[in-house]
Amino acid sequence: FRIPRAPPREWVLRCIWKWRDERALVVAYSSVDSVDFPVNPSWTRATNVVCNVYEKLPEGAQGTTKATWTQQMDMKTRLPKWFAKRAGPAQNEYLSKMRKQFDRSSDIDARSRLKIIEAAEKAQTYTPEEVEQLKIGASRMSLFDEGDGKELKMSSGSKGKVKWKPGDSHAVGFATTTVRASAEQVTAFIWDTEARAKARHDDLEKAVDERPSEHNMLVYNRKKTPNAALRHEYDAEDGVAIGNLLLSETREEKHHEKGETRVEARVRALFVKNKGLKELGEKHRSLSALLAIVAANKLRPGGDSKAKLCNMTEKEARVIGGALASCIAANLTSQAAVDEWILRYPAM
């Protein structure tokens, strides 16, 4: 926990585990007094009671465990409700981190792709409708046979182009690269639609509805559109999307106004184009100034501000936004830096 101007917390815990029965293992932690760890007057002795239950799942789910966790912590200081609401979910992420630690998604995806490769090596029979769909796809590819098309700047080693088909208002995209894998392996990776490694933050729903053959499937995918993801109520994924937009160069910043920095021009344009940020900007006039300072990410002397978001002035917004870079420089992780920044300023 990052509590500004508070002394360090310490815990002394007794840890015990025991099999509750043949399937469930219980691990309990509880704060105790110990002569080996006398209370240090410069620190605060907090207390904690934790219980974990790890239960083997029935046959058919071999090697998997249901993990249940509970915790009650006393920080030995008065904390506002908003702090408890913010810190509570973070502590409950303990099980999510454990799940990622033992994640076997790559192994599961590999076994799935192996089955697809085995199918690709077999002779297939195609219906006239399937052949026609393959011809339509190949016709788009043939647009680039002569090497024409507008070149695109690619972040990776791929080569990309875009071209408009005569009489069609929708452009056709084209990309090519070299992959160190067989054609069957690459096809299996693309074909494994439900692979865990291919899950994206903007996926709302993804499913294979039917598989009439090994080379044919009907896929349904519903995604968040950019503007829909950045309206009204935000979640963590929306925050990442906004952050990426703040760090992406725009056309407007190349022609910024006199006395305006490139970053300020970028943020100003973002608040005009994005409906969600536009709504927030109309409600909190100084928010764009705060985000411009944050996006600039320059070390500045940190100042104090007790302002809340509803009454924050532009001057206070610059003080608060400028403090984030100092927090990042003083902490080992970006998450710890943001936590300290949020706790320091009521507006956040």
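Each value in this text was obtained by applying a stated rule to the coordinates, not by laboratory testing. Keep in mind it's a predicted model, so treat the numbers as computed, not measured. Backbone-built Cβ (ideal geometry, glycine too); neighbour counts: all protein chains shown.
A few comments on the model shown:
- Once both labels are positioned 7 Å from their Cα atoms along Cα-to-Cβ, the gap between Val35 and Glu237 label points is 5.7 nm.
- Based on DSSP H segments of at least four residues, each scored -39500 (n - 2.57), the chain has a per-residue ellipticity at 222 nm of -11500 deg cm²/dmol.
- Each of the peptides 128-136, 114-122 was scored by the mean count of other Cβ atoms within 10 Å over its residues; in descending order, highest first, they stand as 114-122, 128-136.
- Per-q log10 I(q)/I(0), the range 98-162, q = 0.20, 0.21, 0.27 Å⁻¹ (Debye; single scatterer per alpha-carbon; no solvent): -0.92, -0.93, -1.06
- Table column - 3J(HN,Hα) (Hz), the range 103-108, Karplus curve with 6.51, -1.76, 1.60, x for Gly and Pro: 4, 10, 4, 5, 5, 5
- Nearest 10 degrees, 0 to 90: helix 236-246 Cα axis against the chain principal axis: 70
- Summing Cβ point charges (Lys, Arg +1; Asp, Glu -1) relative to the Cα centre of the chain gives a dipole of roughly 1480 debye.
- Along its three principal directions, the equivalent ellipsoid of the chain from the Cα gyration tensor extends over semi-axes of 46, 37, 16 Å, largest first.
- 11 Å beta-carbon shell around Asp192, net charge (K/R +1, D/E -1): +3
- Only lysines eight or more places from Lys159 in sequence, or on another chain, were considered; those with a Cα closer than 17 Å are Lys150.
- Estimated FRET transfer efficiency when R0 is 56 angstrom, pair Glu282-Asn216 (beta carbons, to 0.05): 0.65
- Sequence ranges 273-286, 171-184, ranked by mean other-Cβ count within 10 angstrom, highest first: 273-286, 171-184
- When the Cα convex hull of the range 240-344 is projected onto planes of every orientation, the mean area is 6.9 nm².
- Each Lys or Arg adds one and each Asp or Glu subtracts one; over the other residues with Cβ under 14 Å from the Cβ of Thr177, this totals +3.
- Partners of Lys315 within straight-line reach, counting lysines whose Cα lies under 16 Å from its Cα and excluding those fewer than 8 residues away in the same chain: Lys306.
- Derived scalar couplings ³J(HN,Hα) [the range 339-346; Karplus, 6.51 cos²θ - 1.76 cosθ + 1.60; whole Hz; x for Gly, Pro]: 4, 4, 4, 5, 6, 6, 10, x
- Residue with peak Gaussian network fluctuation, the chain [Cα springs, cutoff 10 Å], from Asp107, Asp148, Asp238: Asp148
- If the segment from Trp19 to Thr77 were pulled out straight at 0.36 nm per residue, it would be longer than the present Cα-Cα gap by 17.3 nm.
- Counting only alpha carbon atoms, the long axis of helix 128-142 and the longest principal axis of the chain meet at about 80°.
- Toward the positive end of the charge dipole of the chain, with +1 on the Cβ of Lys and Arg and -1 on the Cβ of Asp and Glu, the farthest Cα among Val294, Ala28, Ile117 is that of Val294.
- Across the range 266-277, computed HN-Hα scalar couplings (Karplus, 6.51 cos²θ - 1.76 cosθ + 1.60, θ = phi - 60°) run 4, 5, 4, 5, 5, 6, 7, 7, 8, 5, x, 5 Hz from first to last residue, x flagging Gly and Pro.
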